[in-house]
Structures are given as structure tokens and as C-alpha cells.
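All remarks here apply to the structure that follows.
The values are calculated or read from the model by the stated rules, or taken from the named source; none is laboratory data. Just so it is clear, the model here is predicted, and its values are computed rather than measured. Here the Cβ positions follow ideal geometry from the backbone for every residue, glycine too, while neighbour counts run over all protein chains shown. Calculation scope for accessible area: heavy atoms of the full protein, side chains included, ligands and nucleic acids excluded. Shrake-Rupley method; radii C 1.70, N 1.55, O 1.52, S 1.80 Å.
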Amino acid sequence: MTPDRARAAFRDGTVAPTSGWATGFTQTNLIAVPRDWAYDVLLFCQRNPRPCPVLDVTDPGSTSTVLAPGADLSRDLPSYRVWRDGELAEEVGDVSGLWPEDLVAFSIGCSFTFETGLLAAGVPLRHLEQGRNVSMYVTNRQCRPAGRLHGPMVVSMRYIPADRVAEAIRISGAMPAVHGAPVHAGDPADLGIADPGRPDFGDAVEPAAGDVPVFWACGVTPQAALMASRPPFAITHSPGHMFITDHRDSEYRVSV
């Protein structure tokens, strides 16, 4: 499926995690905040580039992005979260009527982008095999604060066969604009994750024999920061329900 057809399906009401959609095209996380909070978010992302690599920032009030000319950030994602005072107020499929004139939107790199390289190399992805959203966890690692914004790092986890972990690290490490190499592989407890079968976001995924849990910094981190910092209003994507751009994944590969 092409990116424009995928976006049209979401605009028409299709709701689904986007891993595996429009294979080969870059996906992004979304966080949109009032202009008064935009510098805090930009500084937070600059200080925490692993979980928050910025690919585009809109002008206040705009729902357009250079990542997909003609697309609408308020309508073309499968599911959105609306936040008020740091609390999740609603989860909807269209926020065009909730987008104020001073809202600034940040498009942040997504780990689904490097999955194309993993699949091309034959590295299995259990969440795709099982038809599930990727597992995501709030960790015990605090991000570097920025202005009023602070909070813990969120990670996404993929079970990788032990003999393919080094390959997964190499492939993802060549794409720093979409989180890059993992931040941890092995014991989840080292990240403060008590039970990998109970993710904070996404779905639980079953490992195969010989799999190792591998953790990447995740673009859901700004949502954890919203919960900790409590800005008056924000809009984000629902975890795993990303914006599909017109850019190809290969554009963000810096080496092979």
C-alpha cells in the first residue's frame, strides 16, 4: 500500500497499528502542544535525541508537514490521544476540530522505520508474526529535563533470536534519525521493567525459544513527559498508530 492510500484509509475511519503498513516508507510519532510549550518540547527533544529525534516541526496552527505534502496531521493518523492537564481526555480518529490556531506539531522518528531493514535481512519480528502492536514500557531512566518538561524514557521491545542480536544492532544503528541502536538488550529488570508480559503501551508479545528482549528508545517518551509535566493541552498519536510519510526509510540510513 502506498502512503497516500494508507492515509486515506485512516482518514476514512480505519484504526490499526501501522507497523507493516506502506512498507519502506518512514513513519513518525506526533506530539502537538500550544506555542507557549513548543520551545520546551523542542529543547527536550534536543537534549534527548535517542527517544525524541525530530524530523519536522510545523508553524503554529498548521496541520501540514514537508514529510508528506498534501497530508493533514489532524486527520491522517489512525488514532489520536487528546491530553488535558497531563491526563488522557479522549482517544479519537480525527482531531481537526480540536486543533487550535497556536498548536505546534512535532514529527518524531519512529522505530517502525528501521523494521524495514530488519525484515529485509530476515530478522524475525514477533509482533508482526503475531498480529500485535509492539510492546512499549516506561523505564527507570529519566530523560534530561528541559524547561517545564521532564519525565522517564519509554522503550519499545522486540524479541530477537540471540544469534541475530548483533545484526539487529548494526542495522538499526545505521538509522540514528529513527532512534538508532538499542539502549539495552537482555534483562528487562535493568530498565525497571518488572514483567515484560505487561507492557505500559501496545500489546504483550510472546517470545520464541532462544529469543532475547531488545529495547530501543521510543517516541512515546513525550507522552510520558506530558503525564509528568502536565501542560494544559496536547495532542499525540495513540501508541503504535503512526503518521506515514512520503519519505523512504532508506533516506534515513547513514551507513550500511
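The charge dipole of the chain, taken about the Cα centre with unit charges on the Cβ atoms of Lys, Arg (+1) and Asp, Glu (-1), comes to about 440 debye, rounded to the nearest 20. For the residues S19, S64, S238, a GNM of the chain with alpha-carbon springs under 10 Å puts the largest fluctuation on S64. Counting every C-alpha pair in the stretch 1-40, the share spaced more than 11 angstrom apart comes to 71%. Using C-alpha pairs below 8 Å separated by at least 6 residues, the relative contact order for the chain is 32 percent. Determine Rg/Rh for the stretch 137-256; Rg is computed over alpha-carbon atoms and Rh is the Kirkwood hydrodynamic estimate from the same atoms. Rounded to two decimals, Rg/Rh equals 0.98. Charged neighbours of Y80, selected by a Cβ distance under 11 Å, balance to -2 (K, R count +1; D, E count -1).
Using heavy atoms of the protein chains and a probe of 1.4 Å, the accessible area assigned to V212 is about 40 Å². With a ≥ b ≥ c taken as the square roots of the eigenvalues of the C-alpha gyration tensor of the stretch 1-151, please select rounded if a/c is under 1.5 and otherwise prolate if a/b is larger than b/c or oblate if it is not? Oblate is the answer for the stretch 1-151, as a/c is 1.5 or above yet b/c matches or exceeds a/b. Take D85: with every protein chain present and a 1.4 Å probe, its accessible area is about 80 Å².
Counting only protein heavy atoms and a 1.4 Å probe, the chain has 40 square angstrom of accessible area per residue.
Within the shell defined by Cβ-Cβ distances under 9 Å, the residues around P17 carry a net charge of 0, with Lys and Arg each +1 and Asp and Glu each -1. What does the charge count around M175 come to, taking other residues whose C-beta lies under 15 Å from its C-beta (Lys +1, Arg +1, Asp -1, Glu -1)? Computed value for this residue: +1. The rule of thumb for compact globular proteins, 2.2 N^0.38 Å, goes into the C-alpha radius of gyration of the chain 0.94 times. In the chain, helices alone account for a calculated mean residue ellipticity at 222 nm of -6000 deg cm²/dmol, with every DSSP H run of four or more residues adding -39,500 (n - 2.57).
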